[in-house]
Amino acid sequence: MSDPIQADNALSAPYDAAVIGGGVVGCAILRELSRYRLRVVLLERESDLAEGISKGNSGVIHAGFNVAPGSLKARLNVEGLDILYRLAAALGVPHRITGKLVVAVGEGDFPRLEELLDQGRRNGVAGLELVDRAAIERLAPGVRGLRALSSARTGIVSPYELTIALGESAAANGARVVLQAAVTSVEVRPDAFLLSTPRGVFAARWIVNAAGLDADDVAALAGIRVPRVFPSRGEYLITDKGAGSVLDMPVYPVPPRDDSFLGVHITPTLEGHVLLGPGSEAVADKRDTATTRAAVEKLQAEALALVPGLAGIPFIHAYAGLRPKLVDPRGGPGTADFLIEESASRPRWINLLGIESPGLTAAPAIALRVAGMIGAREGLKERPDFNPGRPAPTRFARRDDAERALRAAGDPAWSEMVCRCEHVTRAEVLAAVHNPFGARTLDAIKRRTRCGMGRCQGGFCGPRIVEILKGEGEPVEKISKRGSGSELFLGRLKP
Ligand SMILES: Cc1cc2nc3c(=O)[nH]c(=O)nc-3n(C[C@H](O)[C@H](O)[C@H](O)COP(=O)(O)OP(=O)(O)OC[C@H]3O[C@@H](n4cnc5c(N)ncnc54)[C@H](O)[C@@H]3O)c2cc1C
């Protein structure tokens, strides 16, 4: 936790800006604002950053050919791409430029590929070309297709590591991050907004509502009418590690013309797993991340049609993400674009709505846009001591034998393997526990170390992490998977 619970002396010292929501968008905005001489705070409902949409997505850095020319999505996607590559490098976030193929399996798909190429060129996307079957085989051996749109600038990034890195960078530059701080009510005063949370009341002159799926409900707390957000669930399957050798660039089918989603695609991860998904299904509940047998079977069938070589590779996990759509799935009016605007009825309150794909890629450009909106009215002054980098966590699994031996000789915690699947040491778990936001849940530790992301899905490391947390003074009854309501233990059988 960044700091102890305290009720801010809300009115005597209002923050210059409060960001609501600690996903990739909120964290990117917080970091951008921390560049200036401003007092800024981020309020996140959950016990960690990246607990919302930003943890359940494909992690693809999109080039920008899937989005409608002239839209805000197109502009921020293309702008965001280059900034994201620079940012990930500066913050030590794992990422890779992989290239990508959108594959036509039948001649009927050829016109759509031409359309996507044209759309991409109109959006200013570099590195696009149509390629034939031989080139598909060369670029992505084993992928079945007659023709493809090849995108050289597409890449992959770990979305939750990026989100956490942005939050850490903002905090290191003086911003405050408060977790378990759901904004539950808003009082509108002439000079500031008062945000009530379980961790106190926070006053701020500017509010940036980056609450993802809940951004419409958060706006309503301030009496602002905005379009409704409709959740659309996308389920994924993740393969065991061997699949990374079958495929090392994202492969997509030709997407439907209605832009509702990009189709079930196949995406390698940085660690050598492969993601299949996501599907697309309107759901009623903004928390409905259930996975279903029907979707699993559909994902496998669609993915194998594109990459038959995936047959026989075991799947180790299924999960789902939720898109915050502004288009009513029952056919009502809506927009497929991002909505980023200052409220007309509540000046200095900025709403971000409908930040669905490519929101991860666009996040750094969204942050610049929001800082620009505030800057246009406030005359922002840059801080001379802003530090764009951060000390990235050390990963045992990514080090060579010589460095591993050196570290283990200096500290035995580097030679104790906590997660056998992902080769995570006790030293890395301890570093996560002592990190600026004090990871205390199994999921928070997982996102920082990869403990529990391998084949055994936490069977081996789970009990060991519990022991480490106990040793660090965490009451065992409080240890949870992802915060309150997901505690691992009900009580003691023996004293
Ligand atoms: C299936 C799927 C696949 C995708 N694939 C890609 C991709 O490959 N590439 C890409 O560029 N984009 C992709 N996206 C889009 C991208 O993931 C999102 O645009 C991005 O993560 C949105 O981030 P966010 O910060 O707006 O939302 P979130 O990450 O959901 O953050 C919002 C936060 O607000 C918090 N919150 C809510 N209410 C309150 C409250 N009252 N008080 C305090 N906090 C609150 C939530 O807990 C949450 O942490 C995908 C999305 C989905 C669903």
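Here, each number is a calculation from the coordinates, and none is a lab measurement. Predicted model only: the values in this text are computed from it and were never measured. No Cβ is skipped: glycine too gets one built from the backbone with ideal geometry, and neighbour counts run over all protein chains shown.
Out of all the residues in the range 131-153, which are part of a strand (DSSP E or B) and buried (at least 21 other Cβ atoms within 10 Å of the Cβ)? Residues satisfying the conditions are Arg147, Ala148, Leu149, Ser150, Ser151. The lone criterion from (1) surrounded by 17 or more Cβ atoms within 10 Å (Cβ to Cβ); (2) within 30 Å of Ala63 (Cα to Cα); (3) away from the ligand (no atom under 16 Å from the Cβ); (4) within 20 Å of the chain's Cα centre (by Cα) left unmet by Pro364 is number (3).
The rows are residues; the columns are (1) surrounded by 20 or more Cβ atoms within 10 Å (Cβ to Cβ); (2) of a type in the set (Phe, Trp, Tyr); (3) within 15 Å of the ligand (Cβ to nearest atom).
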site: Val24; (1), (2), (3): yes, no, yes
site: Tyr36; (1), (2), (3): yes, yes, no
site: Arg39; (1), (2), (3): no, no, no
site: Val105; (1), (2), (3): no, no, no
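Let's see how each residue does on (1) under 17 Å from Asn387 (Cα atoms); (2) in a loop (DSSP other than H, G, I, E, B); (3) among the charged types (D, E, K, R); (4) away from the ligand (no atom under 15 Å from the Cβ):
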position: Glu161; (1), (2), (3), (4): no, no, yes, no
position: Glu168; (1), (2), (3), (4): yes, no, yes, yes
position: Ala171; (1), (2), (3), (4): yes, no, no, yes
position: Gly174; (1), (2), (3), (4): yes, yes, no, yes
position: Ala182; (1), (2), (3), (4): no, yes, no, no
position: Val186; (1), (2), (3), (4): no, no, no, no
position: Pro190; (1), (2), (3), (4): no, yes, no, yes
position: Leu194; (1), (2), (3), (4): no, no, no, no
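Of everything in the range 8-22 that is part of a loop (DSSP other than H, G, I, E, B) and surrounded by fewer than 24 Cβ atoms within 10 Å (Cβ to Cβ), the residue that is farthest from the ligand (Cβ to nearest atom) is Ser12.
Determine, yes or no, whether Ala290 is under 24 Å from Gly483 (Cα atoms), surrounded by fewer than 24 Cβ atoms within 10 Å (Cβ to Cβ), among the hydrophobic types (A, V, I, L, M, F, W, C) and more than 13 Å from the ligand (Cβ to nearest atom). Considered against the rule, which asks whether it is under 24 Å from Gly483 (Cα atoms), surrounded by fewer than 24 Cβ atoms within 10 Å (Cβ to Cβ), among the hydrophobic types (A, V, I, L, M, F, W, C) and more than 13 Å from the ligand (Cβ to nearest atom), Ala290 comes out as yes. Identification of strands (runs of 3 or more DSSP E) wholly contained in the range 215-277 with 2 or more residues that are within 10 Å of the ligand (Cβ to nearest atom) and touching a residue at least 40 places away in the same chain (Cβ under 8 Å) yields 230-239, 265-268, 274-277.
Just wondering, is there one or more residues in the range 43-53 that are farther than 22 Å from Gly234 by Cβ and crowded, with 24+ Cβ neighbours inside 10 Å? Full working, then the answer.
First pass over the range 43-53, keeping only residues farther than 22 Å from Gly234 by Cβ: 43-44, 47.
Cutting the leftovers down to crowded, with 24+ Cβ neighbours inside 10 Å gives us 43-44.
The answer is yes; a qualifying residue exists.
Count of the range 441-495 residues, restricted to those that are within 27 Å of Ile238 (Cα to Cα) and of a type in the set (A, V, I, L, M, F, W, C), is 12.
Yes/no per residue for (1) within 14 Å of the ligand (Cβ to nearest atom); (2) closer than 30 Å to Val188 by Cα; (3) part of a loop (DSSP other than H, G, I, E, B); (4) among the aliphatic types (A, V, I, L, M):
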{"residue": "Arg31", "(1), (2), (3), (4)": "yes, yes, no, no"}
{"residue": "Leu42", "(1), (2), (3), (4)": "yes, yes, no, yes"}
{"residue": "Ser47", "(1), (2), (3), (4)": "yes, yes, yes, no"}
{"residue": "Ala50", "(1), (2), (3), (4)": "yes, yes, yes, yes"}
{"residue": "Gly64", "(1), (2), (3), (4)": "yes, no, yes, no"}
{"residue": "Pro69", "(1), (2), (3), (4)": "no, no, yes, no"}
{"residue": "Ala74", "(1), (2), (3), (4)": "yes, no, no, yes"}
{"residue": "Val78", "(1), (2), (3), (4)": "yes, no, no, yes"}
{"residue": "Leu81", "(1), (2), (3), (4)": "yes, no, no, yes"}
